[in-house]
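First comes the structure, then the notes that go with it.
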Amino acid sequence: MKIFIYLLIVLSLVVIVYNVSVIDFDNLLQGDSAIALIGVLAATCVVVLLLILLTSKAIERKSKR
């Protein structure tokens, strides 16, 4: 499970890097840039949620001991 979570984090970071490369900073809210901004926001949320999940799993393991 831990390896799968790390894999998902890496994949979402790849999506963030790709979407940042697509963004046209002159026209942020037009065309593909708007879609890329949504993608960056969604992938960032995924990273945060997965990090919270990892933290909660670590707390759960420590509380069982």
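The numbers here are math on the coordinates, done by the rules we state, and not lab data. From a predicted model like this one, the values you see are computed outputs, not experimental measurements. Please note: Cβ atoms are built from the backbone with ideal geometry, for glycine as well, and neighbour counts cover all protein chains shown.
Maximal additional length on extending the residue 58-residue 45 stretch stands at 2.7 nm, based on 0.36 nm per residue less the C-alpha distance.
Computed over the chain, the per-residue total of -39500 (n - 2.57) for DSSP H runs of n ≥ 4 gives a 222 nm mean residue ellipticity of -29500 deg cm²/dmol, rounded to 500.
Which residues in region 36-62 have a backbone N closer than 12 Å to a point placed 7 Å from the Cα of residue 20 along the Cα-to-Cβ line? Those under the cut-off are 40-41, 44. Per residue, the convex hull spanned by the Cα atoms of region 2-59 measures out at 58 cubic angstrom.
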